[in-house]
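The values are calculated or read from the model by the stated rules, or taken from the named source; none is laboratory data. Computed from a prediction, not measured in an experiment: that's the story for all the values here. Cβ sites come from the backbone with ideal geometry, for glycine too, and all protein chains shown count toward neighbours.
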Amino acid sequence: MTHISVEVNGKTYERDVDPRLLLVHFLREELELTGTNIGCETSLCGACTIHMDGKTVKSCTQLAVQADGSSITTIEGLSTDGKLHPLQEAFWEKHGLQCGYCTPGMIMAACGLLEDNPDPSEQQIRHGLKGNLCRCTGYHNIVKAVQYAAELMRAGNPEGGK
Amino acid sequence: MARVFGSSIKRREDPSLITGAGQYTDDLKLPNMAYAAIVRSPHAHARIRSIDTSKATALDGVTAVFTGEDIKKSGTPGVVPVGWLLPDMKIPPHPVLASETVRYVGDAVAVVLAEDRYRAQDAVDLVEVDYDPLAVVTNPAKTVEEGAPQLHAEAANNIAFDWELGDKTKTDEAFPKAAHVLKVNIRNNRLIPQAIEPRAALASYDDSKGQLTVWMTSQNPHIHRLLMSLASLGLPEHKIRVIAPEVGGGFGSKIHHYPDEVIACWCSMQLHRPVKWTATRTEANLTDTHGRDHVTEAEMALDENGRILGLRVKTYANMGAYLSTFGPLVPTYLHGTLLSGEYDIPAIYCNVIGTFTNTTPVDTVRGAGRPEATFIIERLMDLAAEELGLDPVEIRRRNFISPDAFPYQTQVALQYDSGNYGPALDRALEMVNYKNLRAEQERRRGEGGKLLGVGLSTYIEACGLAPSAVVGSLGAQAGQWESGEVRVHPTGTVTVYTGSSAHGQGHHTTFAQIVADRLGIDADNVEVIHGDTDQVPFGWGTYGSRSAAVGGSAIAVSADKVIEKGRQIAAHLLEASEEDVVFEEGKFFVRGAPDKSQTLNDIALQAHLAHNLPPGVEPGLSATSFYDPANFTFPFGTHIAVLEVDPETGEVKLLRYVAVDDVGNVINPMIVDGQIHGGIAHGIAQALWEEAIYDGNGQLLTGELLDYAVPKPHMLVSFELDRTVTPCPHNPLGVKGVGETGTIASPAAVVNAVVDALKSYGIKHLDMPLTPEKIWRAIHQSGRS
Ligand code: FES
Ligand code: FES
C-alpha cells in the first residue's frame, strides 16, 4: 500500500492505495465519484477523461499513485455554485448527448480544447476531440455543442475556459 | 401556444448525465458485494480435458471459483435459450459455462468471485484449463462444405436452418426472358456493436425472501426477467426484479440474454451476497453479439426499359457458435422481407442458410437484416443503371412503387401501408444540387487527380414489428405489443409507466410530450418511468425502432382512455350529457360554453375523492393499455453521399452527406435528428472502416478499439437533413421508427458513391469496408491505373 494525497474537485483526500490501482478506479470506487466512466481501460475511448493539474488526461492510463500531490477536476467538479459550466449548458441545449456515457469525458476533453483555442473551427473541434468516442450522436451535435459553448464563453462567462 | 407535440424541447434526461450524477450499472455498489470475473476460452474450438481451480481458489481475497459442473450440480438449468424459432431449426444447447466443448474464443468456462476486481482478475489467470484443440471454421459459407469441422451433433453440416421466402418458380421464370441480368456477390462485413458502456450486471439474491434483484445493461428488462426465470435460473418470474438503470447505448447488443448476466445471478444465489460483473472492452468485443456477416449471391432481371422483372437472393448467414436470442430472426424476417425496397418488383425469391461457425454468436446490430437487404438492392440498382446506360436516379424512378399503389403488397410478405418516394428523392437531389455535381464530376474526370463520387440510396425500412399474432406465426417466442400506463394523481400531475426501455433515445422527454399534448397539460407535470420490472407493467422493451410507434401509441391510447373517463365525470359535474362535453386544452366543457369548465386537475381530484361520481364509475383516474400494432411502420427516404477518392492512395474523403427521411409525424425534431445522425454515422462506419476479422484459428484480430475502427469525430462530417412527412396511417400518433434509418440507408449510399468515383477503372463492386488498401488494390488490379 502506498500513501497518497490528492485534491479532487477542491477537496483533499488522503488514502493508502494498492500501487497498481488505476486512477479511474480510485476516483470511482474509493471516492465514489462515478461520473467518470470506463469504456475501454486502454486509453482509446476517452470516457474516463479528467483534468489533472490543468491538463486533460485519461484516468484509465494513470495510476492512483501518480496522482499523489496533484489537483484533479472530474465532471462532478465542473459546475460551480450549482451553475452549469457553459459546456454542460451547451451539450444540453444542442442535444450533444444521447446515452450520456461518453459525455463526462467528452465535456472534460472539450473543456481542455476550448482553453487552448477559444474559437475553434469545426475541423479543429473534430480533431481536438479525436481521443473521445461517441457511438450515439455521430458527433454532429457534439460539434454544435462545443461551438455553442465557445460562443457562451466568449460572450463573457466569468469562468472563462476553466 | 406552440404545441408540445412536434417541438424540440430540451431533454430532461440530461441534467444528471452532464453532471456525472447518472447511475449506470457499474456505478452501483452494494454492501458486502463480490466481484465476478469470467475465465474464457482462448481457443475457438476445443474439448475441455480438465479444469483445475485450486490455485485460483487458494489466492488471498478469492471467495470462490465455479465451473459448469458446479452449475449442473446446483440443479439450476444454466442455459440461455433462443427466442425465435424457424421451421426445422436445429437448436443446440447453450450452457452458460461450457464444461465439455468450447466453440468460440471468449466462450465462458469458469467464474471467479473475489473481494475486489483486481483480485478477481488475478485469479482468472490462475485457473488452469487443459484444452484439446479442434479444427476451426469461421466462414458462414465454407462451414457447410464437406470436411468442415462440425460444431454441434444436432446440426448436420453446421446448418441451423435453411429458409426461403417468395415464389421460386415465378422468380426463376423471370430471368430467361429478361433483357438484362445483373449479378453481384456480396460479403456483408461482420460488425461489433461497440456501445461505449460495456455490459454489466449487479445481482443481489435475498435468501430470506427468495428474491433476486438484478441491475443490468438491458434494452428490455422484462424479456431478461422472463428468460432468466423460464430458461436459465428456474426462479419464479415474480421473484425476479430486473432493473435497467442508465444504460450507455445498446445498438441491439443489450437486447439479448447472455450467459454472463446469468452467471452473476447464479453466483449471488450460491454465495448469498451481491455479485457484480462488468465486461472489459475486450470481453465486450468477444462476447457482445456481432452483426451482419453474410455471404450473398444476388441477381436481378430487368427488361429493356430498366423495369425490374425479378430478384433472386441466396445468403449464407453466420449465426456464430450458438443461436443467440433473436439471431435466427435477423437474416430471415428482417432481411428477406425488405428485398423489395422502394420498388415494384413482380417476383422475388430469397433463400437464407443460417450456419454455425467458431465465432461469437451473431444477432441484431442497429438495422439488423435491413441494412443487408438494402445494400443488396441498392447496389443492384446502380449496377443496372450502369448496364443500361441510365442515371442511377432515373432507374430508381422507373421502378418506384407509385404513390397511388398503397397499400402495396410486396412479393416478400410485407404490405407497405403508405409511401410517396418521389418527393424525398427530389428534395435530396435539390439539396446536393445533383446536376452541378454530375457536371463537376465530368470536369474532374478529365483533369485527373481526386475522383468525385456521388451515391444514392433510396431505402425503405420496416420497423415496429407487428402484429403479435403474425410475428408469432413466423416463429417469435415473444409478443410485439407494448404496455403503457397513464396514472393521473389527485392534484392532476401524471406518472407514465412504459414497457419501452430507453438507453439514450430520450423517452422521458418524448413520452411526456405525447401525454402533455393529449391531456393539454404542461410537460413538466408528467413523469415517465421505465426500465424496472417491479414498477412498470410487462412490456417488450426498446429495439427495432419500435418505441415511439408501439410504446408511444400504448401511452397515447391510455391518455385517451383517461380523457374518456374524465368526460364521464365532467358531464356528471356539469350536469350535461357526455356527448355534449368536449375536451380542449386540458378543460372539459359543454360544447359552446367554455366559460363553465372543469379542468383535468378538478376532475382528477374529484375522481380520487369520489364524493360525487356518476353511478357505475369507479374512483381513480388512470388507464393501462397493451397496444398491439396493426402492421409494421415503413419509414423511407433518400440518402446521398458525396465523396472524393484519391486514386494514388485509395483514400476516401467524405465531403457531404444528405439525408431526406420520412419518419411520419415527429414528436421532438431535435431528438429525431439526433437519432438520424447516430444511425448515419454507424452506417458510414460499416461502409468505410468497421470489420470484425477472424484469422484461420478463429482468433478475433479486431478485439480491441485499436484494431476495430469505431469512427472518431474527424472521420465524419456534419450531416444535412430534411424530411418529408407521410404519417403512419395505422397508429394513433402517425409516427414511424427513426433509430435505424441512417444505418439502413447509408452503407449503400457510401459504397455506391465510391464505385461511382471508380467508374473509369471498370470497377463494378467492392465489399465493405472500403479501406484505402482495398480501393488501391482494386485500382491497380483493374489494369487501367
Ligand atoms: S476508459 Fe480510459 S480511454 Fe477508455
Ligand atoms: S452519447 Fe452515447 S456514447 Fe456518446
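The single residue among B:V672, B:V660, B:V666 that is assigned to a helix (DSSP H, G or I), modelled with pLDDT of 95 or more and over 25 Å from A:A47 (Cβ atoms) turns out to be B:V672. Of the listed requirements (1) more than 16 Å from ligand 1 (Cβ to nearest atom); (2) hydrophobic (A, V, I, L, M, F, W, C); (3) within 14 Å of another protein chain (Cβ to nearest Cβ), B:A284 misses just one: (1). All conditions in (1) more than 16 Å from ligand 1 (Cβ to nearest atom); (2) away from chain B (no Cβ under 11 Å); (3) surrounded by 24 or more Cβ atoms within 10 Å (Cβ to Cβ) hold for A:I72, with the sole exception of (1).
Of all the residues in the range A:93-131, those that are at the interface with chain B (Cβ under 8 Å from one of its Cβ atoms), surrounded by fewer than 21 Cβ atoms within 10 Å (Cβ to Cβ) and part of a helix (DSSP H, G or I) number 4.
Here are A:A145, A:A150: which of them is within 11 Å of chain B (Cβ to nearest Cβ), surrounded by 21 or more Cβ atoms within 10 Å (Cβ to Cβ) and at negative phi?
After applying the criteria, what remains is A:A145.
Looking for whichever is of a type in the set (D, E), away from ligand 2 (no atom under 16 Å from the Cβ) and touching a His at 6+ places or on another chain (Cβ under 8 Å) here; the options are B:E283, B:E261. Which one fits? Steps first, please.
On the way: B:E283 fails: touching a His at 6+ places or on another chain (Cβ under 8 Å).
Of the residues listed, the single one that is of a type in the set (D, E), away from ligand 2 (no atom under 16 Å from the Cβ) and touching a His at 6+ places or on another chain (Cβ under 8 Å) is B:E261.
Restricting attention to the range B:5-16, the residues being assigned to a loop (DSSP other than H, G, I, E, B) and within 11 Å of another protein chain (Cβ to nearest Cβ) number 6. Within this structure, B:L230 fails the test of being away from chain A (no Cβ under 14 Å), free of Cβ contacts under 8 Å to residues at least 24 places away in the same chain and in a helix (DSSP H, G or I). Can you spot a residue in the range B:690-699 that is among the aliphatic types (A, V, I, L, M) and either within 14 Å of chain A (Cβ to nearest Cβ) or more than 23 Å from B:I376 (Cβ to Cβ) (or both)? No, the conditions are met nowhere in the range B:690-699. From the list B:A681, B:A709, B:A692, the lone residue that is within 16 Å of A:G138 (Cβ to Cβ), within 21 Å of the chain's Cα centre (by Cα) and in a loop (DSSP other than H, G, I, E, B) is B:A709. Condition (residue is surrounded by fewer than 19 Cβ atoms within 10 Å (Cβ to Cβ) and over 23 Å from B:W84 (Cα atoms)) applied to the range B:188-205: is it met by at least one residue? No. For the range B:173-219, taking the residues that are polar (S, T, N, Q) and in contact with a helix residue (DSSP H, G or I) (Cβ under 7 Å, 6 or more places away or on another chain), the one that is nearest to ligand 1 (Cβ to nearest atom) is identified as B:T217.
Of the helices (runs of 4 or more DSSP H) that lie entirely inside the range B:394-495, those containing 3 or more residues that are buried (at least 21 other Cβ atoms within 10 Å of the Cβ) span B:421-432. Within the set A:G35, A:G10, the sole residue that is within 15 Å of ligand 1 (Cβ to nearest atom), at pLDDT 95 or above and not assigned by TED's automatic domain parsing to the domain that holds A:K130 turns out to be A:G35.
Return yes when B:A2 is in a loop (DSSP other than H, G, I, E, B), among the small types (G, A, S) and over 27 Å from the mean Cα position of the chain (by Cα) and no when it is not. It is true that B:A2 is in a loop (DSSP other than H, G, I, E, B), among the small types (G, A, S) and over 27 Å from the mean Cα position of the chain (by Cα). Are any of the residues in the range B:140-150 in a helix (DSSP H, G or I), surrounded by fewer than 16 Cβ atoms within 10 Å (Cβ to Cβ) and on the phi > 0 side of the Ramachandran plot? No, that holds for no residue. Residues considered: B:L705, B:L716. Of these, the only one that is within 16 Å of ligand 1 (Cβ to nearest atom), at the interface with chain A (Cβ under 8 Å from one of its Cβ atoms), of a type outside the set (D, E) and surrounded by fewer than 23 Cβ atoms within 10 Å (Cβ to Cβ) is B:L705.
Just to verify a result, which residue in the range B:162-206, among those that are assigned to a helix (DSSP H, G or I) and not basic (K, R), is nearest to the other protein chains (Cβ to nearest Cβ)?
So in the range B:162-206, the residues assigned to a helix (DSSP H, G or I) come out as B:168-174.
With not basic (K, R) added as a condition, the list becomes B:169, B:171-174.
On the way: B:T169: 44, B:T171: 38, B:D172: 42, B:E173: 44, B:A174: 40 Å.
Among them, the one singled out is B:T171.
Is it fair to say A:T80 is within 16 Å of ligand 2 (Cβ to nearest atom) and either at the interface with chain B (Cβ under 10 Å from one of its Cβ atoms) or surrounded by fewer than 24 Cβ atoms within 10 Å (Cβ to Cβ) (or both)? No. All of B:P727, B:P732 fail the test of being in contact with a helix residue (DSSP H, G or I) (Cβ under 7 Å, 6 or more places away or on another chain) and away from chain A (no Cβ under 14 Å), apart from B:P732.
Note on the range A:16-44: residues that are in a loop (DSSP other than H, G, I, E, B) and surrounded by fewer than 18 Cβ atoms within 10 Å (Cβ to Cβ) total 6.
Selection of the range B:437-485 for residues being farther than 22 Å from B:K759 by Cβ, over 20 Å from the mean Cα position of the chain (by Cα) and at pLDDT 90 or above yields B:G484, B:E485.
Applying the condition of being in contact (Cβ under 8 Å) with a residue 24 or more places away in the chain and under 23 Å from B:M670 (Cα atoms) to the range B:17-45 and asking which residue is farthest from the other protein chains (Cβ to nearest Cβ) yields B:G22. Applying a threshold of 7 Å to beta carbon distances and a minimum spacing of six or more residues, or different chains, the list of pairs starting in the range B:192-216 at a residue that is without any contact (Cβ under 8 Å) to a residue 60 or more places away in the chain and farther than 22 Å from B:V111 by Cα and ending at one that is among the hydroxyl-bearing types (S, T, Y) and buried (at least 24 other Cβ atoms within 10 Å of the Cβ) reads B:I196/A:Y101. Among residues of the range A:132-161 being at pLDDT 95 or above and part of a loop (DSSP other than H, G, I, E, B), the one that is farthest from ligand 1 (Cβ to nearest atom) is A:G138.
Considered as a group, the residues in the range B:233-261 that are of a type in the set (K, R) and not in a helix (DSSP H, G or I) include one that is surrounded by the most Cβ atoms within 10 Å (Cβ to Cβ), and that residue is B:K254.
Can you pull out the residues in the range A:45-64 that are outside any loop (DSSP other than H, G, I, E, B), in contact with a Cys (Cβ under 6 Å, 6 or more places away or on another chain) and within 11 Å of another protein chain (Cβ to nearest Cβ)? Scanning the range A:45-64 gives a single hit, A:C60.
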